[in-house]
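Each remark here refers to the structure printed beneath this line.
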Number of protein chains: 2
Amino acid sequence: MARPTIADIADKAGVSKGAVSFALNGRPGVSDATRARILQIAEQMSWRPHSAARALGASRVDSVGLVIARPARTLGVEPFFAHLVSGLQSGLSARSISLQLLIVEDTEAEIEVYKRWASEHRVDGVILVDLTVKDPRIDALRALELPAVVIGGRGGKGALASVWADDRDAMLAIVDYLAALGHRRIAHVAGTPNFQHTQRRIRAVRDAAPRLGLIDAPSLTTDFSDAEGAATTRKLLSQSHRPTAIVYDSDVMAVAGLGVAMEMGVSVPGDLSIVAFDDSILTQLMHPALTALSRDTFEFGRQAAEVLLDVIADPATMINLRTADPVLTVRESTAPPAH
Amino acid sequence: MARPTIADIADKAGVSKGAVSFALNGRPGVSDATRARILQIAEQMSWRPHSAARALGASRVDSVGLVIARPARTLGVEPFFAHLVSGLQSGLSARSISLQLLIVEDTEAEIEVYKRWASEHRVDGVILVDLTVKDPRIDALRALELPAVVIGGRGGKGALASVWADDRDAMLAIVDYLAALGHRRIAHVAGTPNFQHTQRRIRAVRDAAPRLGLIDAPSLTTDFSDAEGAATTRKLLSQSHRPTAIVYDSDVMAVAGLGVAMEMGVSVPGDLSIVAFDDSILTQLMHPALTALSRDTFEFGRQAAEVLLDVIADPATMINLRTADPVLTVRESTAPPAH
DNA sequence: CTGAGGTGATAAACCGGTATAGCTCCTGCA
DNA sequence: TGCAGGAGCTATACCGGTTTATCACCTCAG
């Protein structure tokens, strides 16, 4: 017989469905002997719970969702999400909870997905990424009463649980290092201005500038694309007083920037130091290999999964977990300025 | 009231649950007038079917699965999967079917996932990628009677439906082009030897060699990593009779190869032409930008989704859809050989 | 005028689990 | 000896849909 049900097991064991359910879920109500017998029969018939049936009775579906609102074109090259997804799954698989992944165009579509998921009971909770300054998703999720955990930022005045890394400290570490090498003209090619982490990084650069005696420390925002990364670099290197170091908010933009430097005859790291605020194979494929900030994104995802499961178990849970600080991996693209 | 059920709608409309179900699913059994009234009430109460309840009754869960058995580390940089997933979702969203994505370590784990999914009724069907030569997954899926569609290769003597591109023709196009430029020493840095598409590409090169009068046309297999791509390139360029052109089975390896050429003082495209059998931003970020074979992976995924839905609807369906041929995008990394 | 057949609806079973009320013993204590 | 109480189990309702059997009613042909 294909796909045995607990009724089949109950028949074979000569007990009721209820007893089987008790035994399989490890709850009192059956003797140890009976329990053992039922478990053995279930094992032998290779029984597995029907996920829909279980979801209908208990109201949990053992599934959580992740929606990414970015164009698929840029997603591919960002190793961030692949690592994050792996980490999430690692944290979820322990309790055999599955992950629903959806890539959508914009935040509006993302909220629609949450509404659908909530009304169709498709997920027990969701993970929020790319938090923006006044993020409409936070109120939407609260209205839906959908458990959620925010990745990479505080969840709106503490409304949602979160897992975050200290972008500010990380950026300060980069700027401190460049200043220690002797750089005084440092530029920052930032990402989308309405992302919270972009804001935090920009503020860190601005705050550090006077303390380190930087002559100039502009932060220029982009859309995270290679094209704008390149264009912004071209603009910076065309100034009469060029920066001697540039920090890029993503590895893709850093690579694009390196290309522009080569094309304009600016030697790296001789005339220009380059640092990427994110690491991946990409930075190591380059010549020179890029100095980059490495985050343990896999672990990040794993912790986020655990926090989310806690929130699902008890929606009142309010965890704001700070993860391990990222570390600066120095490679060949940074050196003291020419003179 | 939160989350209305069809019973609520039935109450309000003064009809039975059954009538509501008929009306909402557009099947006969209710008059047009009643149907319209029920639909309006459902709309107004913003009713959505409870996915688990529906899955329990009808035995379909409106969800399909994709398991990728590759290390997460290499996944991030491969834009292939991000595009594929987007395309799949585009093909599925029309019928609001969701996609379960899982990244696992190896094929064994992948088959375990299929077993679990089948016994827990978590998915209606699956998409198979990275087909190997004697792929154990095909028999496993047939034993589980889990509908499936194979991407990028024939499904084991026609056992499974498939969506595929003609790797052979594509490789011939590349080699023909290089030969037309005047190259006679062409090397091929291939991927994992047990992948079917790797085999097909190797065979294409071997078959074309005599026709084009190539002096030497070795295919060297790798594990698709940047490290082995670089090592193999180093080996090729250290020979007394260097190849004048190298075709790489992935863009990541091509980029790694370009790095090795630069490091060894071999100018591209002056002394060496480079072609990548796969395209992404990566190839365009390089200097020189790489000539690459572009496939419409998004469309690929969309078509695969449609075929899978057909197979789920009728498991006897046997479609082997050949997708649009990939095109060679010529950029700056290819030129006639030095003399 | 009667019976066949179609239409529009209802009631109830069903899917595969979980949760709960209740029943039957058995034990221990007064 | 009587009874409270708990262990061990059964029967059954329930979750929210879909599906089937049944039925009342109307129309139309014979």
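Brief remarks follow.
- Residue in the range A:8-26 that is in contact with a Leu (Cβ under 7 Å, 6 or more places away or on another chain), within 21 Å of B:V123 (Cβ to Cβ) and near DNA strand D (Cβ under 9 Å from one of its atoms) present: no
- Strands (runs of 3 or more DSSP E) fully within the range A:58-164 counting 1 or more residues that are within 30 Å of B:T283 (Cβ to Cβ): A:63-69, A:98-104
- Taken over the range A:60-96, the criterion of being within 16 Å of DNA strand C (Cβ to nearest atom) and touching a strand residue (DSSP E or B) at 6+ places or on another chain (Cβ under 6 Å) is satisfied by A:S63 alone.
- Only residues that are more than 9 Å from DNA strand C (Cβ to nearest atom), closer than 24 Å to A:V123 by Cβ and of a type in the set (A, V, I, L, M) were counted across the range B:32-54, and they come to 2.
- None of B:G57, B:G18, B:G29 is free of Cβ contacts under 8 Å to residues at least 60 places away in the same chain, within 13 Å of DNA strand C (Cβ to nearest atom), on the phi > 0 side of the Ramachandran plot and not β-branched (V, I, T) except B:G29.
- Residue check, B:A316 within 12 Å of chain A (Cβ to nearest Cβ) and either surrounded by fewer than 23 Cβ atoms within 10 Å (Cβ to Cβ) or out of contact with any Pro (no Cβ under 7 Å at 6 or more places or on another chain) (or both): no
- When B:G257 is tested against (1) assigned to a helix (DSSP H, G or I); (2) touching a Leu at 6+ places or on another chain (Cβ under 8 Å); (3) modelled with pLDDT of 95 or more, exactly one condition is not met: (2).
- Note on the range B:132-173: among residues that are among the acidic types (D, E) and more than 20 Å from B:V64 (Cα to Cα), the one that is surrounded by the fewest Cβ atoms within 10 Å (Cβ to Cβ) is B:D169.
- Residue in the range B:254-262 that is touching a helix residue (DSSP H, G or I) at 6+ places or on another chain (Cβ under 6 Å), away from every other protein chain (no Cβ under 12 Å) and buried (at least 21 other Cβ atoms within 10 Å of the Cβ) present: no
- Within the range B:104-131, if we keep just the residues that are surrounded by fewer than 19 Cβ atoms within 10 Å (Cβ to Cβ) and of a type outside the set (A, V, I, L, M), the residue that is nearest to the other protein chains (Cβ to nearest Cβ) turns out to be B:S119.
- Considered as a group, the residues in the range B:269-292 that are closer than 21 Å to A:E228 by Cβ and hydrophobic (A, V, I, L, M, F, W, C) include one that is farthest from the other protein chains (Cβ to nearest Cβ), and that residue is B:A289.
- Residue match in the range A:166-188 (condition: of a type in the set (F, W, Y) and in contact with a Gly (Cβ under 9 Å, 6 or more places away or on another chain)): no
The rows are residues; the columns are (1) in a strand (DSSP E or B); (2) away from chain B (no Cβ under 13 Å); (3) small (G, A, S); (4) out of contact with any Gly (no Cβ under 7 Å at 6 or more places or on another chain).
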residue	(1), (2), (3), (4)
A:H241	no, yes, no, yes
A:V247	yes, yes, no, yes
A:S267	no, yes, yes, yes
A:I312	no, yes, no, no
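- The residues listed here are B:L75, B:L39, B:L88; of these, the one that is of a type in the set (A, V, I, L, M), more than 8 Å from DNA strand D (Cβ to nearest atom) and within 8 Å of chain A (Cβ to nearest Cβ) is B:L75.
- The sole residue among A:R48, A:R70 that is under 30 Å from A:D251 (Cβ atoms), among the basic types (K, R) and either under 42 Å from the mean Cα position of the chain (by Cα) or surrounded by fewer than 17 Cβ atoms within 10 Å (Cβ to Cβ) (or both) is A:R70.
The values are calculated or read from the model by the stated rules, or taken from the named source; none is laboratory data. Note that this is a predicted model, so its numbers are computed, not measured. Virtual Cβ from ideal backbone geometry, glycine too; neighbours counted across all protein chains shown.
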